[in-house]
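Trainee: Can you read through this structure? Questions will come right after.
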Amino acid sequence: MKTVLVLGARGGIGQAVAQAFRRAGWRVLGLVRSGGAGEGIAPIHADLFDAAAVATACGSVDIVFNGLNVPYPVWSTQALPMYEAAADVAQALGARHIYPGSVYNFGARMPLELSPQVPFAPTTVKGRIRVEIEAMLGERAEAGRVKTIVLRAGDVFGGPARNSWMQQLVAKDLAKGRIVSPGGYDVTHAWAYLPDLAETVVRLAQVEESLGAYEVFHFDGNNASMRELARAAGPNVKLSRMPRFVFSVMGLFDPFMKATIEMLYLWDVPHALLDDRLAQVIGPVPHTPLERALTSIM
């Protein structure tokens, strides 16, 4: 039986990935400071920033999944150190590191089609830090310190990802027949249904020994505009738009909303993740039709 250590096991992505590994028959460990780590997950009580202590507490581990969630307001100071610590843990364990990337790296002038070959051109603080994180992981892989798989995805939704853009704003009132857009109605946006993404992580882990020291894959998920979301949600679903000034006003009182403002270009610039190679590596990529995925969050 192989073992996976999930960092951020109590977060939305971490929970979904941990349970996907458990269903696949893996032994699942979850790094937590105290308490439990979730159903069927063995809690590891250790400090992320003490890699040796984590390694001692875990024993043999094959995969480290990086489900850490750094709050937007502290990204500029805490993100890079935290992800460096995660890489230290994987290195101490001699395990493959799997890191979920984002589209932030490509910036506000990104092309519609985002394949793994598209160069990075970040235009925000969070985008530049994302690029720094991946550069750090690539350098460590090249030096033979820790092997990494980057699985880039769009905005996650579904499953335990209850703090997502989809469930907190866009489809918050879907049961009442309404989709709320932070941008234009016909702007293609990259979405990732979390149960599908989690299953893809497991399948990559199952074939990781056949992969190189540093690999990047794109999860194409459900690339869809707001109008397409509304159409998929049902014939009577209406579209409305949240005015931009609302974000600015809320940002005066809410640090999270203030930190969100620089990312609003993602709702104005069409983008879709694409990757033919992923299916060549893992076989058919898990994909739930948008209609069914939206039904699951109502």
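The numbers here are math on the coordinates, done by the rules we state, and not lab data. Predicted, not measured: the structure shown is a model, and the values here were computed from it. Cβ: placed from backbone, ideal geometry, glycine included. Neighbour counts: every protein chain shown.
Trainee: Can you tell me how segment 228-298 classifies by the Cα gyration tensor, rounded, prolate or oblate, using a/c under 1.5 as the rounded cut?
Mentor: Oblate, because a/c is 1.5 or more while a/b does not exceed b/c.
Trainee: Treat the count of other C-beta atoms within 10 Å as a stand-in for reagent exposure and order Val74, Val237 from fewest to most.
Mentor: Values: Val74 12, Val237 18.
Placing the least packed residue first, the sequence is Val74, Val237.
Trainee: Where both partners of a DSSP beta bridge lie in the chain, what percent of those bridges are antiparallel, to the nearest 5?
Mentor: Working: 3 of 38 bridges.
About 10 percent, rounded to the nearest 5.
Trainee: Now a separate question. When the Karplus curve 6.51 cos²θ - 1.76 cosθ + 1.60 is applied with θ = phi - 60°, which whole-Hz ³J(HN,Hα) does each residue of segment 105-114 get, with x for Gly and Pro?
Mentor: 4, 8, x, 6, 10, 5, x, 4, 8, 10
Trainee: Over the chain, one equal point on each Cα, no solvent: what is log10 I(q)/I(0) by the Debye formula at q = 0.14 Å⁻¹?
Mentor: Listed by q, the Debye log ratios stand at -1.07.
Trainee: Quick check on the exposure proxy: order Glu84, Glu39 from fewest to most C-beta atoms within 10 angstrom.
Mentor: Values: Glu84 16, Glu39 10.
Neighbour counts put them in this order, fewest first: Glu39, Glu84.
Trainee: Give the long-range amide H neighbours of Gly30: residues separated by 5 or more places, or on another chain, with amide H under 5 Å away, using H modelled in the peptide plane at 1.01 Å from N.
Mentor: Amide H neighbours of Gly30: Val6, Ala42, Ile44.
Trainee: Which net charge results when you count Lys and Arg as +1 and Asp and Glu as -1 among the other residues whose beta-carbon is under 13 Å from that of His189?
Mentor: Working: positive: Arg227; negative: Asp155, Asp186, Asp220, Glu228, Asp268.
So the environment of His189 carries a net charge of -4.
Trainee: Using a 10 angstrom cutoff on alpha carbons, build the Gaussian network for the chain and name the most mobile of Glu199, Glu113, Glu208.
Mentor: Comparing Glu199, Glu113, Glu208 in the GNM, the peak value goes to Glu113.
Trainee: How much length, in nm to one decimal, is gained on full extension between Ala108 and Ala53, taken as 0.36 nm per residue of separation minus their Cα-Cα distance?
Mentor: Value of the extension gain: 15.7 nm.
Trainee: Also, quick follow-up: Order by neighbour count: Met82, Met1, fewest other Cβ atoms within 10 Å first, most last. The partial results should precede the final answer.
Mentor: Details: Met82 20, Met1 6.
Final ranking by Cβ density, sparse to dense: Met1, Met82.
Trainee: What number, rounded to the nearest 500 deg cm²/dmol, is the helix-based mean residue ellipticity at 222 nm of the chain, given -39500 (n - 2.57) per DSSP H run of at least four residues and division by all its residues?
Mentor: On the way: 10 runs with 105 residues, N = 298.
The helix contribution divided over the chain gives -10500 deg cm²/dmol.
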